[in-house]
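All remarks here apply to the structure that follows.
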Amino acid sequence: MTDKHAITPPVRIAVLTASDRSARGERDDLSGKVITEIAAEQGWEVAHYGIVPDDRSLLKNELQRLADEVRVSLILTTGGTGLAPRDFTPEATLDVIDKEVPGLAEAMRYVSMKKTPHAMLSRAVSGLRGETLIVNLPGSPKAVRECLEVITPAIPHAAELLRGAVADCGGPM
């Protein structure tokens, strides 16, 4: 039996935390650290890790740079998906994506709703910019772990599809 990971390149990812306090050094970025730990467990390569303030323009510019210049397969954002006045991550993501991939955010909300009714307040989105998948995760380390547990199995296949390594069969419908 062939080890699939031996012939498939690792998923290259970027981790981007949206947090005013973490960007100012006032709070440790625990959620971003959880993402990097889980990425390592999956054998993914973290090509970039960064923190930006909760600013739509800064988020948008960084998402564009990571997709277009760093050229990662996956950008995982954390923070800025709630109802607070400075939560702009979904808007910045929608500003830069070419198409939405709603199933990922739907799956995360579905599973999270089983743990807390507050999950229905999440405005997280996911979508494609060129060959990069962008997924908004919550800002809580516990919620990040729970949400990544849900979507992680689909990520390698998504990365292969975006690289053109496998043919799409047309989806589940």
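Computed quantities for the displayed model
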read-out	value
Selected residue (criterion: surrounded by the most Cβ atoms within 10 Å (Cβ to Cβ)) from residues of the stretch 33-69 that are without any contact (Cβ under 8 Å) to a residue 40 or more places away in the chain and small (Gly, Ala, Ser)	Ala39
Answer from Gly130, Gly79 - the residue that is modelled with pLDDT of 95 or more, on the phi > 0 side of the Ramachandran plot and buried (at least 22 other Cβ atoms within 10 Å of the Cβ)	Gly79
Single residue of Ala39, Ala119, Ala92 found to be within 25 Å of Arg21 (Cβ to Cβ) and either over 14 Å from the mean Cα position of the chain (by Cα) or in a strand (DSSP E or B) (or both)	Ala119
The stretch 1-56: number of residues that are at pLDDT below 95 and not aliphatic (A, V, I, L, M)	7
Leading residue by the ranking (surrounded by the fewest Cβ atoms within 10 Å (Cβ to Cβ)) among those in the stretch 95-116 that are hydrophobic (A, V, I, L, M, F, W, C) and within 16 Å of the chain's Cα centre (by Cα)	Ala107
Complete set of residues in the stretch 9-35 that are more than 24 Å from Ala84 (Cβ to Cβ), out of contact with any Phe, Trp or Tyr (no Cβ under 6 Å at 6 or more places or on another chain) and not in a loop (DSSP other than H, G, I, E, B)	Arg12
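The values are calculated or read from the model by the stated rules, or taken from the named source; none is laboratory data. Note that the structure is predicted; figures quoted are calculated from it, not measured. A quick note on method: Cβ atoms are made from the backbone with ideal geometry, for glycine too, and the neighbour counts reach across all protein chains shown.
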